[in-house]
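Have a look at the structure below before the remarks.
The values are calculated or read from the model by the stated rules, or taken from the named source; none is laboratory data. Everything numeric here is computed off the predicted structure, so don't read it as measured data. Heads up, the Cβs are rebuilt from the backbone with ideal geometry, glycines too, and the neighbour counts pull from every protein chain shown.
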Amino acid sequence: MNTIEDRIARIIGEYDRQGWHRTGTDVDLESASWLAGIVRECGAEPTRETFALDRVIPRPSYIDVGDRRIDGLPLFDSSFTDTEGIRGQLGPADADPKILLVDGSDTGSVEALEEARRSPDYTAIVFITTSAGDDAGLAPRNAPSFTEPFGPPVLQVDRIDRSWLTEQASAGSTVAVVARADREPVEAANVAAVFPGRDRSLPPLVVMTPRSGWWWIAAERGGGIVCWLEVMMALRDSPPERDVRFVATSGHELGHLGLEAYLDRNPGLATEAVAWMHFGASIGAAVKPVPRLFTSDDELHALAVEFLQPEVPAMPESFPHDMMPGGESRNIHARGGRYVSLAGGHASFHQQIDRWPDSVDVAAVVSYARAMTGMAMKLAG
């Protein structure tokens, strides 16, 4: 590794070329081994901590209306159909249909989807996905209830077909929805490491980043992985006062399964740590970035601002401390721990076009990596 720019290009480029980073797939497991190798280059001894899950394997899924077929993807924490699917009238909620159409671009659509999933009134739901950018492309929703799926089958479709589907719903067309998937018991892995502190009696600092998602996810995950590794490199050359623990988790898109497994292995750590640093989504994204900063208290917020303000191109939007934060930091928030979290969005968030190099702003990633490394070194002593 040479300059930080060279490191970013190498790391995010390699990560992108590995393939779709869905939890528990061959790509996910191979990527864990790849990341463990880089951790070793950074001066730490990595451990692969495995956890079990029933992986969802999507099968051909679609909605048929007359002679037209629109392909989609099942929602991973709903029920699924058989090969015959479900037939019925498609419509909006006010038409009392059996198969409900929900448009993700509508205000309140997320709440409408969740309400419909808990209602006994629908045999299936078709959800039109959306993103912050202008490009078409399926943008799957995460599956926070992955271990306890509920509700009727939900077929997620690309917004490119919004107008036509809306017309069919208004007309009350009869449709067939197939949302098929199988489940397979597999293992996924977190990558963990520890830099021992000079005083191991002090509460540790924990640095975490998720490393899984729906597609290639270069901008969604690449910047966070880079920041995570840059903190390691700084600690290699300047040993910390307290232990600094690192974990890169799989299972992000499936209810943060990897972080939950890590917390199960380390009971009490959520509140015992001096702080958790969460390097979440879209750090250094190139197109329509939406940076967000979540902190648990005034002290950590002030420290984050101190290091971010001189470095980053635009300060992330900050949120009240009692607001549920984005990404894995919400698991720490729910347990009463202290955290600082960068978790935003960007134009191609959750879409297949989130690829290296077009969706990554290397200079922005550099700025965040420098800021977060500085903050981590301060917290580590």
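List of remarks:
- For the condition crowded, with 17+ Cβ neighbours inside 10 Å and either small (G, A, S) or in a helix (DSSP H, G or I) (or both), A136 does not qualify.
- Selection from the stretch 10-29 of residues that are closer than 25 Å to A371 by Cβ and either buried (at least 18 other Cβ atoms within 10 Å of the Cβ) or polar (S, T, N, Q) (or both): I11, I12, Y15, D16
- Residues that are farther than 17 Å from W216 by Cβ and part of a loop (DSSP other than H, G, I, E, B) within the stretch 340-369 comprise A343, G344, listed in sequence order.
- Selection of the stretch 154-195 for residues being under 24 Å from D121 (Cα atoms), assigned to a strand (DSSP E or B) and in contact with a Phe, Trp or Tyr (Cβ under 9 Å, 6 or more places away or on another chain) yields V154, L155, Q156, V157, A176, V177, V178, A181.
- Scanning the stretch 95-132 for residues that are touching an Asp or Glu at 6+ places or on another chain (Cβ under 7 Å) and surrounded by fewer than 19 Cβ atoms within 10 Å (Cβ to Cβ) yields a single hit, S109.
- The stretch 225-253 - residue that is of a type in the set (G, A, S) and closer than 22 Å to E45 by Cβ and, of those, nearest to the chain's Cα centre (by Cα): S250
- The set of residues from the stretch 105-151 being of a type in the set (V, I, T), touching a Gly at 6+ places or on another chain (Cβ under 6 Å) and over 17 Å from H346 (Cβ atoms) comprises T123, I128.
- Test for L155: is it within 20 Å of I63 (Cβ to Cβ), in the same structural domain as R68 (by TED's automatic domain parsing) and over 17 Å from the mean Cα position of the chain (by Cα): yes
- Of the residues examined, S212 is one that is assigned to a loop (DSSP other than H, G, I, E, B), in the same structural domain as R370 (by TED's automatic domain parsing), crowded, with 24+ Cβ neighbours inside 10 Å and among the small types (G, A, S).
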